[in-house]
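> Here it is, the structure, as structure tokens.
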Amino acid sequence: MEITLKELPKSEVEITVEVTVEEQEPYLKAAAEQISANKQIAGFRPGKAPYENVKQQFGDMTILEAALETIVKQTYFKAVKEKKLETIGAPKIDIEKSAPGNAIIYKATIALLPKITLPDWKATKISRKIKEITEDEICKVIDDVRKMQAKETLVARPAQKADKVLLDMDIQLGGVPVEGGQAKDHSVFLDEDHYIPGLADKLIGATQDQVLEFQLPFPENFYQKMLAGKNADFKINIKGVYERTLADLTDEFAKTLGQQSIEDLKKAVRENLKMEADQKEEQRVEIELLKTLTDASTFDEIPEIIITEEKQKMFAELKASLAERGLEFEDYLQNIKKTVEQLADDFTKGAMDRAKTALLIRAIAKEENIDITPEEFKAELEHVREIYKENKDVDERLAQPELQDYIAHMLLNRKVLFLLKHKILGDELKQVHNCSHEEHDHQHDHQS
């Protein structure tokens, strides 16, 4: 494998990799085996057809195309290791030459780890805030459970604050129906906050079969920017008023929730609220800690590849968040009146901050000689394999160099954060997270 190196501005390099025909051979054979496993070849069981038979039926180019991605991925990581490059982020790959019976030539533009001057981070002062759980918070949780289990009875009287109203709703803005503003058999609980402030108040006193028409303003910070702060026309058809009877707060009620008494229930709720509060505080401390250290560090020019990669992650996170709310990305762009390019510009500062944080962690790891041992890496792979044991492709995915690289960086980040909190928070570190798998399972969700 021939590798040539060319330095570029902004802490980037370009490597040209030439993979000989002989070096391609194991990848081509593996690709042919995969093709024969997925496509019927007369006279052979799936995956058992000889290479020449696969080649004769499907052609050299089909096999090469099936193998190309793996060839590039595997040889790229070998090239980076051979040249001892300290890279960060994903490379930009351009295939220069790819034809059966010839060497494969590709170029990879790579971001190198820029120089960072760290502050005296061990002198940083950050404190945890102790959250005390109040009796009101406990009672609210229990009342919310009682409301969820409330018995509902249709009544022929005007709606009261504790009732539920079932309705059909039509919201329009300037005579045009608002997207998502039409609903059939929509439930509104009159003692709870609605996403449109003031709606519940308009429904108090309404009766079954009554039609209400009124205006309400959307909140100034409403996620649909075209509606934020605007007055909309509401047409409401009341289909039913339901009286809600909550369960009595007795030991019998507590037993339906797996507790022996109300006191036991309150104790369990207090413990859960405390655990949630501690987790939120831990997240806040980590964010403050990394931001403080990043702001106090100086960085050489950040490679553009890293900024672009962080923007891509931010787009993916935004799309996932919108999908969870049942919204389309294109509709979101229309609502905020921006193009993809304009939104990407908006992401620039956030992407830069995220890139600096990643670089900071790498620099501290290097300064403190923090590394991932083969045993730690193997244990994490086994943990991920166990989580996704129902996924038949898990072993294949875990063999991919880029996923292994991601897992290694995740483990390194975890160890650096553990060290930072231990060194900076010192004696305040009452319940330090010992890099347990459970805390970080969610980080694998989009990877396997």
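Bear in mind these aren't lab numbers, they're just calculated from the coordinates by the rules spelled out. All of these numbers come straight from a predicted model, not from anything done at the bench. We place every Cβ from the backbone using ideal geometry, glycine too, and count neighbours over all the protein chains shown.
> My understanding is that a pair violates if its Cα-Cα distance is over 23 Å; which of Lys311/Lys423; Lys92/Lys389; Lys131/Lys266 do that in this structure?
Violating the 23 Å Cα-Cα cut-off are Lys311/Lys423; Lys92/Lys389.
> Which aspartates and glutamates have a Cα lying under 14 Å from the Cα of Lys378, excluding residues fewer than 8 positions away in the same chain?
Glu386, Asp395, Asp405
> Could I ask something else about it? Determine the gain in length on full extension of the stretch Gln400-Lys313; use 0.36 nm per residue of separation and subtract their C-alpha separation, reporting nm with one decimal.
Details: separation 87, 0.36 × 87 = 31.32 nm, distance 1.95 nm.
Extending this stretch completely gives an extra 29.4 nm.
> Work out the count of Lys pairs in segment 150-245 where the Cα-Cα distance is under 23 Å, with the pair 8 or more places apart or on different chains.
19
> 5 Å is the cut-off here: which amide hydrogens, built 1.01 Å from N in the peptide plane, fall below it relative to Glu12, excluding neighbours closer than 5 in sequence?
Close amide H contacts, sequence-distant or interchain: Leu112.
> Answer rounded, prolate or oblate for segment 259-444, using the Cα gyration tensor with square roots of eigenvalues a ≥ b ≥ c: rounded when a/c is under 1.5, else prolate when a/b is larger than b/c, else oblate. Show your work: numbers first, answer last.
Working: a/c = 1.33, a/b = 1.17, b/c = 1.14.
Rounded shape, in that the Cα axes give a/c under 1.5.
> For segment 319-393, which trypsin sites (Lys or Arg not before Pro) pass both filters: DSSP loop (anything but H, G, I, E, B) and at most 13 other C-beta atoms within 10 Å? Write down the numbers at each step before the final one.
Working: sites: Lys319, Arg325, Lys337, Lys338, Lys349, Arg354, Lys356, Arg362, Lys366, Lys378, Arg385, Lys389, Lys392; in loops: Arg325, Lys337, Lys338, Lys389, Lys392.
Within segment 319-393, the qualifying trypsin sites (Lys or Arg not before Pro) (loop, at most 13 other Cβ atoms within 10 Å) are Arg325, Lys337, Lys389, Lys392.
> Next question. Under 14 Å between alpha carbons, and skipping anything fewer than 8 positions from Lys267 in its own chain: which aspartates and glutamates qualify?
Glu132, Glu135, Asp136, Glu137, Asp251
> Take the alpha carbon gyration tensor of segment 3-140, find the square roots of its eigenvalues, order them as a ≥ b ≥ c, and report rounded if a/c is under 1.5; if not, report prolate when a/b exceeds b/c, else oblate.
Since a/c reaches 1.5 but b/c is at least a/b, the shape of segment 3-140 is classed as oblate.
> Roughly how many debye, to the nearest 20, is the charge dipole of the chain about its Cα centre, given +1 on each Lys and Arg Cβ, -1 on each Asp and Glu Cβ, and no other charges? Before the final figure, lay out each step's value.
Values: 64 positive and 86 negative charges, 32 e Å.
Taking the Cα centre of the chain as origin, the dipole is about 160 debye.
> Oh, and also: So if I take the centroid of the Cα atoms in segment 75-101 and the same for segment 129-153, what is the distance between those two points in Å?
A separation of 56 Å, based on Cα centres.
> Note the count of lysine pairs whose C-alpha atoms are less than 22 angstrom apart in segment 317-366, limited to pairs 8 or more residues apart or on different chains.
Numbers: Lys319/Lys337; Lys319/Lys338; Lys319/Lys349; Lys337/Lys349; Lys338/Lys349; Lys356/Lys366.
Value for segment 317-366: 6.
> For Asp185, what is the net charge nearby, where nearby means another residue's Cβ is under 14 Å from its Cβ and Lys, Arg count +1, Asp, Glu -1? Don't jump to the answer; show the numbers that get you there.
Values: positive: Lys164, Lys184, Lys239; negative: Glu152, Asp168, Asp170.
So the environment of Asp185 carries a net charge of 0.
> So which aspartates and glutamates pass the test for Lys55, namely a Cα distance under 19 Å, with those fewer than 8 places away in the same chain ruled out?
Those aspartates and glutamates meeting the cut-off are Glu22, Glu23, Glu25, Glu33, Glu65, Glu69.
> What distance in nm lies between label points placed 7 Å from Cα along the C-beta direction at Tyr223 and Thr134?
2.9 nm
> Of the trypsin sites (Lys or Arg not before Pro) in segment 79-158, which ones lie in a loop per DSSP and count no more than 12 other C-beta atoms within 10 Å? Each step should come with its number before you reach the end.
Working: sites: Lys81, Lys83, Lys84, Lys92, Lys97, Lys107, Lys115, Lys122, Lys125, Arg128, Lys129, Lys131, Lys140, Arg146, Lys147, Lys151; in loops: Lys83, Lys84, Lys115, Lys125, Arg128, Lys129, Lys131.
Qualifying residues, ordered by number: Lys84, Lys115, Lys125, Lys129.
> Per 0.36 nm of contour for each residue apart, how much would the distance between Gln57 and Lys366 grow if the chain were fully extended, relative to their Cα-Cα spacing? Walk me through the numbers before you get to the answer.
Numbers: separation 309, 0.36 × 309 = 111.24 nm, distance 5.21 nm.
Using 0.36 nm per residue and subtracting the Cα-Cα distance, I get 106.0 nm.
> Loop sites only, by DSSP: take the GluC sites (Glu not before Pro) in the chain that have at most 15 other C-beta atoms within 10 Å and name the longest stretch containing none of them.
Working: sites that count: Glu86, Glu132, Glu192, Glu220, Glu301, Glu328, Glu368, Glu390.
Of all site-free stretches, the longest is 1-85.
> Rounded to the nearest 500, what is the 222 nm mean residue ellipticity of the chain from helices alone, with -39500 (n - 2.57) per DSSP H run of 4+ residues and division by all residues?
Working: 15 runs with 212 residues, N = 448.
Roughly -15500 deg cm²/dmol at 222 nm, from the helical runs in the chain.
> Tell me the volume per residue, in Å³, of the convex hull enclosing the alpha carbons of segment 225-312. Working shown, then result.
Numbers: hull volume 24.6 nm³, N = 88.
Taking only Cα atoms, segment 225-312 has a hull volume of 279 Å³ per residue.
> Along Cα→Cβ, 7 Å out, is where each label goes; now give me the distance between the ones at Phe214 and Lys423 in nm to one decimal.
According to this spin-label approximation, the distance is 6.0 nm.
> Would you mind checking segment 76-99 for residues with the amide N under 20 Å from a putative spin-label position 7 Å along Cα→C-beta of Glu7?
Label zone hits: 80-88.
> Looking only at Cα atoms, what is the convex hull volume of segment 146-247 per residue, in Å³? Walk me through the numbers on the way to the answer.
Numbers: hull volume 9.7 nm³, N = 102.
Convex hull volume per residue, Cα atoms: 95 Å³.
> Report which label in (i) 22.6; (ii) 27.8; (iii) 26.9 holds the value of Kirkwood radius over Cα pairs in Å derived from the coordinates of this structure.
This structure yields the entry labelled (ii).
> Using a Förster distance of 35 angstrom, determine the FRET efficiency expected from the C-beta separation of Glu276 and Asp120, and round it to 0.05.
Working: r = 34 Å, r/R0 = 0.98.
Efficiency, from the Cβ-Cβ distance: 0.55.
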